[in-house]
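Have a look at the structure below before the remarks.
The values are calculated or read from the model by the stated rules, or taken from the named source; none is laboratory data. The structure presented is a predicted model; accordingly, all values stated were derived computationally and were not measured. Cβ placement follows ideal geometry from the backbone for every residue including glycine, while neighbour counts extend to all protein chains displayed. Remember, those area values only see protein heavy atoms, side chains included, never the ligands or the DNA or RNA. Shrake-Rupley method; radii C 1.70, N 1.55, O 1.52, S 1.80 Å.
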Amino acid sequence: HFVSPMRALTVQVPPRNPRFLAPVAHESLDLRSYAGSPGRSEPRPAPSKFPPPPRSPGAISPGRPTELEAAADLMTGRHTQDQHERVVSAVTTACRQCAHGFSWAEAGSVNVLLTGASTLLHAGRTEYEAPVRDLLRTLSRPLHATRATDDVTFEAEATALLNSAVALLLSAVPAIAMAAADLLVHLTALPGDSNPPSPLLSLLSGSGPASPLPRFGPHSPLRQPARQPAAWQGRRDMLSAGRAQQLIAKTQAADNLLAVLHASFDSALRTLALRALRGVSQHHPTASQLLRSSHWPELIATLSEPLGTPFLPLATEVLSNTLDAEAAEAATRLVAPHVVNALTGLLARSSSSGVEADRELRNDVLALAMRIAQACSATDRETLLGGGIFAAALGMIAQDAWACAPPQAATRESPWAEVSAAAAAARLGTV
């Protein structure tokens, strides 16, 4: 207390609090660096003289959940899991923002959405059909990596996600089964593949035309993936396809695709399943799984389909891929009498056709038979000769040679008698 000399007045001064004292003499701090709260003891640094760089459209704010995480929280939340319209809208929005592919770190959230949506769909909630198809279509793009080790860090989550997608091959909803097969077709496609991506949505009954994906632009809401030089683009695609093959080999893709051939009568779904089988069988571990599958006879049964169907060249290529993986094991399975009879019949039918595609199929079957003969044992080779496939091959060669003969040789006797003798000798195993 002190007494003012001007007035006889007693004034009480509060004690000094060092937390409210600002070091204004410091050149990097000012009074604006304090939050004004008594609980804050450390000053904040002064704001930067330069404004922060503008965020790219669709960029994710740090510390804020992504659209996929928010949709997964809605689907699994205690108070929001029954709000189906809100969940469907959230999944659709998330797929639209990630239309050019998910990231490895998001595999866990995508698996939650895919599993939950497919479960509700098969429980009778038909409004979840479109979200499941959107998730599968977006998953068909290569996974983006934000770090160099993402494919190792999130390998378990990505494998579980592919397991959930592969299980949908056996879905009772044809559109979902086709979307799952189309997913495997895209994941296993290599750069420069001669077959273009299948128009999935145009094959689905009642689904309408396929809507084009939105493109990147200056005001696009899509999340921009990391750009890489054009020289690395082919290598990045090759690495993505190879990594996807390694993950697919850890799932039940081979057995489920063969089961589709057994259970489905839809030609479009069977074609997609065979295209997916051709893609996954290029990886040797998956091709070995095909040989040991209980549904292996379903692949052999496709060799009896009529000419002109897309099943025949696809099945022939799958069988050739199994020979690449395990030549001895595949040859042992392919010299069975019913397999040799199916190949012989296919070779005879394709040889008598004048269509160019059937002639190419004939050459593929003949090359497959030669590879089987080279890989099998001596005993199995006798079985292969006794099946008559090489007799049909000799007739095919003689027919082509006679067709290419000069005009003056047309008056001569046809060499069919000699071919018949050669065929009989080949059937007896003396050639």
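Tabulated data for the structure shown
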| quantity | calculated |
| --- | --- |
| Pairs with Cβ under 9 Å, 6+ apart, first in region 336-365 and free of Cβ contacts under 8 Å to residues at least 12 places away in the same chain and under 15 Å from LEU299 (Cβ atoms), second surrounded by 16 or more Cβ atoms within 10 Å (Cβ to Cβ) and β-branched (Val, Ile, Thr) | ALA336/ILE300 |
| Condition met for LEU143 (closer than 22 Å to HIS262 by Cβ and surrounded by 23 or more Cβ atoms within 10 Å (Cβ to Cβ)) | no |
| Every residue from region 155-178 that is outside any helix (DSSP H, G or I) and either acidic (Asp, Glu) or in contact with a Leu (Cβ under 9 Å, 6 or more places away or on another chain) (or both) | SER171, VAL173 |
| Looking only at region 179-194, and only at residues there that are over 16 Å from ARG270 (Cβ atoms) and open to solvent by 10 Å² or more (accessible area, probe 1.4 Å), the one that is modelled with the lowest pLDDT | SER194 |
| Leading residue by the ranking (least open to solvent (accessible area, probe 1.4 Å)) among those in region 326-352 that are among the charged types (D, E, K, R) and modelled with pLDDT of 90 or more | GLU326 |
| Residue in region 140-154 that is within 23 Å of LEU269 (Cβ to Cβ) and either part of a loop (DSSP other than H, G, I, E, B) or hydroxyl-bearing (Ser, Thr, Tyr) (or both) present | yes |
| Test set (1) modelled with pLDDT under 90; (2) surrounded by 17 or more Cβ atoms within 10 Å (Cβ to Cβ); (3) not hydroxyl-bearing (Ser, Thr, Tyr) - GLY308 fails condition number | (2) |
| Flag for THR383 being closer than 23 Å to GLU317 by Cβ, surrounded by 13 or more Cβ atoms within 10 Å (Cβ to Cβ), modelled with pLDDT of 70 or more and not hydrophobic (A, V, I, L, M, F, W, C) | no |
| Filter result for the condition that a residue is in contact with a helix residue (DSSP H, G or I) (Cβ under 9 Å, 6 or more places away or on another chain) and free of Cβ contacts under 8 Å to residues at least 40 places away in the same chain, over ARG86, ARG125 | ARG86 |
| Pairs where the first residue, in region 89-117, is at positive phi and the second is open to solvent by less than 20 Å² (accessible area, probe 1.4 Å), C-beta under 9 Å, 6+ apart | GLY101/THR138; GLY101/LEU139; GLY101/SER140 |
| Residues of region 146-185 classified as free of Cβ contacts under 8 Å to residues at least 60 places away in the same chain and hydrophobic (A, V, I, L, M, F, W, C), total | 15 |
| Residue in region 355-363 that is closer than 26 Å to PRO285 by Cα, basic (Lys, Arg) and either under 27 Å from the mean Cα position of the chain (by Cα) or assigned to a helix (DSSP H, G or I) (or both) present | no |
